[in-house]
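In what follows, a single structure is set out as structure tokens and then discussed.
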Amino acid sequence: MSNFQSLTEIDRDVILKLFELSINRYGEVRRDAQGYLFSVLNRYLFSYQVIVDRIIQLLNSPDEVEHDRIKGVLYILLGNHSFFLPTKHSWSMIERLWPAMVRTTHAKKPTTQRLLDHINETIGKQFDTQALIEDTNEISRKAAADLWRPLEDNEKQSRDQLREQRNEDNIRSYKNLMETLNSLLRGDTL
């Protein structure tokens, strides 16, 4: 964990620029930019959140988006040996991303359909169900506090409230994801 740094505003701008280059119409530009993008995304924890909204926007866009841009987005989703976005540990991101992948109307060309199939296969191989309820026992929390510093009562309450809220959000995201995917399945979209 010592190699990871905090994400600055400049880092966000670099990620967004690399993302735009990663969906460029020229294949060589896309490939080079994607390599750098994956490297940056691996360097900063949760930095993938910077590009998720843009990916979803492009996947949900009408058919007029250039085929090369969609292909670039799909290659970003496919990632490389060290980065695979669709299975990152975030129920709220998965809740938005997976249905967008299913709904995309850009799978008409064989190349994009093959990419989507490959992404789905990789999800099947790599996805381990993530915890909905994140909790640690009181002994572990006390040991961590003793190692770091004793927590004030208001800090303990705030931490517990934050954990409860995160757990509720995870459960809500999971239920929404399952309901959305089920409705897409019933509607023959899958």
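The values are calculated or read from the model by the stated rules, or taken from the named source; none is laboratory data. Bear in mind the structure is a predicted one, so any value in this text is a computation, not a measurement. Reconstructed Cβ throughout: ideal geometry from the backbone, glycine too, with neighbour counts over all protein chains shown. Quick note on the areas: whole protein, heavy atoms, side chains included, nothing else; ligands and nucleic acids left out. Shrake-Rupley method; radii C 1.70, N 1.55, O 1.52, S 1.80 Å.
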*Is it the case that some residue within segment 62-78 is open to solvent by 10 Å² or more (accessible area, probe 1.4 Å) and small (Gly, Ala, Ser)?*
no
*Spot the failing condition for ASP128; the list is (1) closer than 30 Å to LEU77 by Cβ; (2) at pLDDT below 80; (3) open to solvent by 90 Å² or more (accessible area, probe 1.4 Å); (4) acidic (Asp, Glu), and only one is missed.*
(2)
_Single condition ILE123 does not satisfy, out of (1) in contact (Cβ under 8 Å) with a residue 60 or more places away in the chain; (2) surrounded by fewer than 18 Cβ atoms within 10 Å (Cβ to Cβ); (3) within 14 Å of the chain's Cα centre (by Cα)_ = (1)
_Search result, residues across segment 37-49 that are under 15 Å from LEU78 (Cα atoms), in a helix (DSSP H, G or I) and in contact with a helix residue (DSSP H, G or I) (Cβ under 8 Å, 6 or more places away or on another chain)_ = LEU37, LEU41
_In segment 13-59, the residues that are among the small types (Gly, Ala, Ser), over 17 Å from the mean Cα position of the chain (by Cα) and surrounded by 15 or more Cβ atoms within 10 Å (Cβ to Cβ)_ = ALA33
*Within segment 79-120, how many residues are open to solvent by less than 50 Å² (accessible area, probe 1.4 Å), among the polar types (S, T, N, Q) and outside any helix (DSSP H, G or I)?*
2
*Could you give me the residue pairs with C-beta distances under 7 Å whose first residue belongs to segment 166-177 and is under 17 Å from TRP98 (Cβ atoms), whose second residue is surrounded by 15 or more Cβ atoms within 10 Å (Cβ to Cβ) and among the β-branched types (Val, Ile, Thr) wherever it lies, and which are 6+ apart or on separate chains?*
LEU177/ILE94
_Exactly one of these conditions fails for GLU155: (1) surrounded by fewer than 12 Cβ atoms within 10 Å (Cβ to Cβ); (2) of a type in the set (Asp, Glu); (3) part of a helix (DSSP H, G or I). Give me its number._
(1)
*Collect the residues in segment 87-141 that are of a type in the set (S, T, N, Q) and more than 30 Å from HIS67 (Cβ to Cβ), keeping them in residue-number order.*
THR129, GLN130, THR136, ASN137, SER140
